[in-house]
1. In whole Hz, with x marking every Gly and Pro, tabulate ³J(HN,Hα) for the range B:199-216 from phi via Karplus 6.51 cos²θ - 1.76 cosθ + 1.60, θ = phi - 60°.
2. Report, as an integer, the average count of C-beta atoms from other chains found within 10 Å of each Cβ along B:168-177.
3. Whole-Å semi-axes of the range B:40-231's equivalent ellipsoid, largest first, each the root of 5 times a Cα gyration tensor eigenvalue?
4. Across the Cα atoms of chain A, what radius of gyration and what greatest pairwise Cα-Cα distance (Dmax) are found, in Å?
5. From the phi of every residue in the range B:176-181, what ³J(HN,Hα) in whole Hz does the Karplus formula 6.51 cos²θ - 1.76 cosθ + 1.60 yield, where θ is phi - 60° and glycine or proline is x?
6. Which order, highest average first, do A:66-73, B:110-117, A:155-162 follow once you tally other Cβ atoms within 10 Å for each residue and take the mean per peptide?
7. Can you list residues whose amide H is under 5 Å from A:VAL187's amide H, if they're 5+ apart or on another chain and H is modeled 1.01 Å from N?
Amino acid sequence: MIPRHQAVLLCILLLASLVMAGILFHMRDRAHQRLLAGQDSAPTKAPEVAAPEQATLLVASDDDNSLRAQLQSLPLPADPGARARAVLGKLLDLYAAPDATHPVPGGAASVAQVFLLPAPNSGPGASKTGGTPAQNDTGDELAVINLKGSFVAGHPSGLETETLTVLSICGTLHANLPRVAQVRFLVDGEVRPSLAGHADLTRTYLTADTVTRP
Amino acid sequence: MHWSRREFRAVCLAVIAAGLCVTACGVRAQAPPAPPARFVVVIDAAHGGDDTGGHLSDGQYEKAVTLALSVRLRSLLAARGIQVVTTREADQSVSMDQRAMIANRASAQACISLHVAETGSGVHLFVSNLAPAAATRFMPWKTAQAAWVTRSLALTGALNSALTHAGTSVTLGRAPLPGIDSMSCPAVAIELAPERTADRKLTAEPDNADYQAQVAGVLAAALLEWRTEGRQP
C-alpha cells in the first residue's frame, strides 16, 4: 500500500507534467505562428520592371584613347541614384564583355552604390565659408560612386586605361543625369589614392572636363 | 706708278688677310647662337620601392621596367651632351612631392615621367589637364604646372612628331597627373605600351630591350631637337 503522502506527491508531479506539456505545446504553437507570419511578409508578387529607355554611354576605346557615345536601351528606374547605378552597370558590363574595346573585368556588380548630393561650390567663394564647403545654388549635383574592391583589384594598370575608365564613368553619368557636375570615387566605402596606381581617386572630377575633352 | 716686288707682295698679303677676316666674320654671323649655359632634362622613372606599379604579363613589375627605360634614356642623353637629373636610380620609394621637388630644383627644360602599360599600343603621351595660367612669383604647389602647360603641350608636339616619324603609334591625352601637376617645367608623362601591328598583333612587350632602345633613341633625338628649338627666340 502506497503511503498517502507519496500518492499526493505523485499526483502533484503528474499535474505539473501536464501543465508543462500544455505550456510547451502553446509555445510551439506561437513559434509556428510567428514563423508563418514571417513568411507572409515576404514579397509574393514579382518586382515591377521599368520600361526600357534610351541611355547614352560614353564607351572608351584603348586603341585610340577615345570616348564614343553609344545608345543603349535598358530598363531605368525612376530614382536618380538607382538610375545612375543602372547606367554605370551597363557601361561596366560592356567593358567586361570578351570583345570589349576597353577590357576591364567586374561588370555591373562592380558599382556598389551611387549617392547623389548637392554639389559643393567649387568656385573661389567656396573657401570663404570656413570649414564647410558652400552649397551651390545652380542645382548641380555631386555623384559619389562607391566601387567594389574586387573591381579596383582587377583593373588593368596604366595611365591611359585608368584615365579612360574614370572619364567614361564621369561622361556617362553626365550624359544621362545632366545635373551631375562633379564626381568622386570611393572604394569599399573609403577614399583610395588611385584606381590601379595611376588615376587619382582623391580628387573631385568635373564632368565638364569629359565633355570638352579633346 | 710702279710697285716694287716687295710692296706688291705686302699688298697681296693684306688683301688675303682682309678676305679671311671678312669670311670668318661671315661664318660667325651665320652660325646659330650659342647654346644656353645649362640644358637639363629630368627623367622620372615612375613608381619604385613599395609602389610596384602595374604587373606586366611576364611577371615583371612596372617599377623595374620604368627604371630600365630611365637608365637607357639617361645614357643616350648624356652621350649627346645633355645634363640629366633622375628622380631615382634604384628600386626605392619616392613620393610624388619629392619627384616634383627634384624637378623644380633642377630648373629643367624638359621633365619626362616614364610609365609602362600592358594595354593599348605604342606610346601614350599625357599632359596635365590644368588650364593654362600666367606664371607668378609664387605658384600654388598643387597647380604649379598650370604656368607651364603651354610649353608642355609644345614638348609633347615635338615628341609626338619624332615618334610618329619613326613609325611608332602615338596616342595623346590630358589627365590629372599627380606629381607632374606640381612641376614647374615643360612636363610630359610617357607611357610605353606593347608594340602592335595594324591588325593588333603583339610584336614586342614593353620590357623588350630592343623595343625600349628604339623608343629611347627616338625620345633622345626629339629632346635634342627640343634643345635646338628652345634656343630660338
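1. The phi angles translate into 8, 6, 7, 6, 10, 7, 7, x, 8, 5, 4, 5, 5, 4, 4, 5, 5, 4 Hz.
2. Counting other chains' Cβ atoms within 10 Å and averaging over B:168-177 gives 5.
3. Values for the range B:40-231, descending: 25, 19, 16 Å.
4. In Å, with Rg to one decimal and Dmax whole: 29.4, 109.
5. In residue order, the calculated couplings are x, 10, x, x, 4, 4 Hz.
6. Put in order of decreasing packing, that is B:110-117, A:155-162, A:66-73.
7. Answer set, sorted by chain and number: A:LEU147, A:ARG192.
Quick note: the coordinates plus some simple rules give every number you see, no bench work behind them. This is a predicted model, so every value here is computed, not measured. We place every Cβ from the backbone using ideal geometry, glycine too, and count neighbours over all the protein chains shown.
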